[in-house]
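Student: There's a structure below that I have some questions on.
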Amino acid sequence: MKNKFFGKRRKTQEDSGRDSPSLAVQTRSPGGYGLLPFQENYLPQSSGELRLYRALREGVPIIDAAIGKLLRLVGSFQVCCGNPAAGRALADFLRNVPVNYGGCGIQAFLTAYFAQLLTYGNAVGEMVLNSAGEIGALYNAALEDVEFKALSPLKMQVCRREQGQSIPVDYPELVVTTALNPEPGSLKGTSLLHGLPFVSAILLQIYQTIGLNWERAGNVRFAVTYRPSGDGDRALAKERAKQIAAEWSKAMAKGSISDFVTVGDVSIRAIGADNQVMDSDIPVRQLLEQIVAKLGLPPFLLGLSWSSTERMSSQQADILTSELEAYRRLLNPMLEQICSVWLRLKGWDTEFRVEWEDITMQDETESANARLLNARAAEIEARLKGR
């Protein structure tokens with residue numbers, strides 16, 4: 001469907017100059033765009049890497065919990081427009097726009113977009129136009145369905161994968177993309193889980209070993225030993241061993257309680273009762289410390305009751321606030337692109353800005369006391385200057 005804002009037009013000399021900043025890049029390898037990260041058909045991550053990060057979230061609950069908390073802690077926003085009528089209409093659109101399969105509101109789109117960005121390092125979304133030429137829905141695209149092509153070191157093209165081919169999208173202005181901390185000269189973002197597969201594999205191996213040990217030690221196994229005392233007993237040892245085994249199995253059968261009676265030199269002991277299971281607290285904590293340090297969340301938010309003073313918790317909350325503000329700055333261009341396209345399609349040419357809600361990680365009482373002390377200090381300073 002052609003749209004008056006996205007229809008094709010002739011390329012003028014001015015447009016050619018606008019698309020030519022790649023010619024000014026002097027630090028680019030002279031081998032062309034087929035080298036290193038700028039492949040002709042470049043997928044942000046391989047399908048195996050995507051499955052690996054997805055498996056990490058499924059296999060290590062603390063990783064999935066951390067991403068879920070970051071999604072909620074990043075908060076919500078509102079858009080302030082210079083035109084009040086445009087602002088009210090835009091707010092209504094952001095509140096009621098359909099998202100994916102049955103979702104509603106820009107917050108649903110933002111949550112899925114941010115989760116994809118944190119998990120895989122890249123996120124792709126699309127503004128879907130309706131028959132009236134307006135944004136009718138927002139869609140979170142799967143990374144397996146898209147490819148990125150580097151047209152130049154400063155220009156990227158989004159393509160869809162169709163029957164093994166890369167087909168450029170018709171209206172790239174309707175597609176939003178974000179990369180998380182990409183390496184210099186690369187289109188590929190860095191997942192928040194980058195560096196965790198090795199540590200997580202060791203942690204899961206410890207958990208699996210603990211499960212096997214409990215399966216062996218929890219379901220007690222017994223060793224029944226029969227020692228023949230004379231030649232007559234040795235001659236009938238095989239038959240008596242079978243009889244003892246049958247009676248022991250009957251006595252230990254599931255759902256039945258019975259006594260085991262035998263004659264002769266028979267000893268019974270629990271297998272593994274003398275073995276001591278290795279202490280896993282210290283290695284598990286060391287591995288969890290590495291994971292928590294990479295995720296950027298304070299341990300107490302993930303249910304880890306490690307020793308922490310009140311002062312330390314306050315500092316950790318301040319660090320988390322700066323992390324969330326960095327994520328917000330990363331998401332702002334995507335939100336501004338959606339709002340800008342919607343306003344242009346509606347015929348409004350007005351300035352706007354995205355304002356996020358304040359991040360309140362501190363206690364309200366402490367915040368009020370801090371404001372009170374600052375006000376008193378300002379009053380005293382004004383009084384001294386007036387003398």
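The values are calculated or read from the model by the stated rules, or taken from the named source; none is laboratory data. Because the structure is a prediction, the values reported are computed rather than measured. As a convention, Cβ positions derive from the backbone with ideal geometry for all residues, glycine included, and neighbour counts pool all protein chains shown.
Student: Every residue in the stretch 147-158 that is without any contact (Cβ under 8 Å) to a residue 60 or more places away in the chain and buried (at least 18 other Cβ atoms within 10 Å of the Cβ), please.
Tutor: V158
Student: Filter the stretch 257-275 down to residues that are among the acidic types (D, E) and assigned to a loop (DSSP other than H, G, I, E, B) and give me whichever is modelled with the lowest pLDDT.
Tutor: D274
Student: Let me ask you something else. Give the residue that is farthest from D318 (Cα to Cα), with candidates limited to residues of the stretch 374-387 that are surrounded by 10 or more Cβ atoms within 10 Å (Cβ to Cβ) and aliphatic (A, V, I, L, M).
Tutor: Looking at residues that are surrounded by 10 or more Cβ atoms within 10 Å (Cβ to Cβ) and aliphatic (A, V, I, L, M), I get I380.
Student: What is the one condition in (1) surrounded by 18 or more Cβ atoms within 10 Å (Cβ to Cβ); (2) in contact with a helix residue (DSSP H, G or I) (Cβ under 6 Å, 6 or more places away or on another chain); (3) acidic (D, E) that E134 does not satisfy?
Tutor: Tallying (1) surrounded by 18 or more Cβ atoms within 10 Å (Cβ to Cβ); (2) in contact with a helix residue (DSSP H, G or I) (Cβ under 6 Å, 6 or more places away or on another chain); (3) acidic (D, E), E134 fails exactly one: (1).
Student: Among the residues of the stretch 80-122, what is the count of those that are part of a strand (DSSP E or B) and free of Cβ contacts under 8 Å to residues at least 12 places away in the same chain? Spell out how you get there, then give the answer.
Tutor: Step one: list which residues in the stretch 80-122 are part of a strand (DSSP E or B), which gives 80-81, 98-99, 103-104, 122.
In the following step, the residues that additionally are free of Cβ contacts under 8 Å to residues at least 12 places away in the same chain were identified as 103-104.
The total comes to 2.
Student: Under 7 Å between Cβ atoms, at least 6 apart or on separate chains: pull out the pairs that start in the stretch 51-68 with a residue that is closer than 17 Å to A293 by Cβ and end on any residue that is among the β-branched types (V, I, T) and in a helix (DSSP H, G or I).
Tutor: Hits for this filter: L56/I63; I62/I291; I63/I291; I67/T119.
Student: Given the conditions (1) in a helix (DSSP H, G or I); (2) within 15 Å of S340 (Cβ to Cβ), report the number of the one that G125 does not fulfil.
Tutor: Status for G125: all satisfied but (1).
Student: Could you pull out the residue among F38, F93, F77 that is of a type in the set (F, W, Y), within 27 Å of the chain's Cα centre (by Cα), surrounded by 10 or more Cβ atoms within 10 Å (Cβ to Cβ) and at pLDDT 55 or above?
Tutor: Just one listed residue meets the conditions, F77.
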